[in-house]
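This report concerns only the one structure given below.
Computed from the coordinates by the stated procedures, all read-outs in this text should not be read as laboratory data. In this text the structure is predicted, and so the values were computed from the model without any measurement. As a convention, Cβ positions derive from the backbone with ideal geometry for all residues, glycine included, and neighbour counts pool all protein chains shown.
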Amino acid sequence: MSALEAAAAVDALYRQAVESPVAIDDSALAEWLTEVSDLLGPMVAKEDTRLLRRAARTARKLAAYWSTHDSATLPEWRNGVDEALGAQGWETALGLIMNGLARDPDAGLFAEAKDRFRNARFEEWMEGVEYEEWLAGKG
């Protein structure tokens, strides 16, 4: 599983926490952690393992919030993350993307990092810089 897939798994977990909060319990979170960790493989970095555990805790917070609120009124599930947690809710997936970019640079990860950075921090990252230019400056 790539960093993009790991971030997508976090997004899917958060979506479920917003749209179906009753489905998020200790058993479901333990199963999710096991599945994602298995897909990442035995060489998963400790930082990513910590981020995945944080994602599970965040999903629990989201589910607790949305179990007492009506998510049907939201324009989309992402607004539910924003309402319950603010921009901080997006830091975990951003961390997975940034870790992946540091380990195995890729144009897709670079573009995803730019998008997720803006969502999590309300500022641009590498604005006006193309992947090739960034990669050349890294080495």
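Using the Karplus equation 6.51 cos²θ - 1.76 cosθ + 1.60 (θ = phi - 60°), what ³J(HN,Hα) coupling, rounded to whole Hz, does each residue of segment 29-40 give in order, writing x for Gly and Pro?
Result, rounded to whole Hz: 5, 5, 5, 4, 4, 5, 4, 5, 4, 5, 5, 6.
Rank these for me by crowding, Lys138, Lys114, Lys61, going from fewest to most other beta carbons within 10 Å.
Final ranking by Cβ density, sparse to dense: Lys138, Lys61, Lys114.
Kindly identify segment 1-107 as rounded, prolate or oblate by the Cα gyration tensor criterion: order the square roots of the eigenvalues as a ≥ b ≥ c, call it rounded if a/c is under 1.5, otherwise compare a/b with b/c, prolate if a/b is larger, else oblate.
prolate
Quick one: order Glu91, Glu112 by neighbouring beta-carbon count within 10 Å, fewest to most.
Ranked by crowding around the Cβ, least crowded first: Glu91, Glu112.
What FRET efficiency, computed as 1/(1 + (r/R0)^6) with R0 = 25 Å and r the Cβ-Cβ distance, is obtained for Asp25 and Arg103, rounded to the nearest 0.05?
0.15
Under a GNM of the chain (C-alpha, springs under 10 Å), which listed residue has the highest mean-square fluctuation: Gly86, Gly41, Gly100?
Among Gly86, Gly41, Gly100, the largest GNM mean-square fluctuation belongs to Gly41.
Kindly rank 63-69, 77-83, 21-27 from highest to lowest mean number of other beta carbons found within 10 Å of each residue.
The packing order, highest mean first, is 77-83, 63-69, 21-27.
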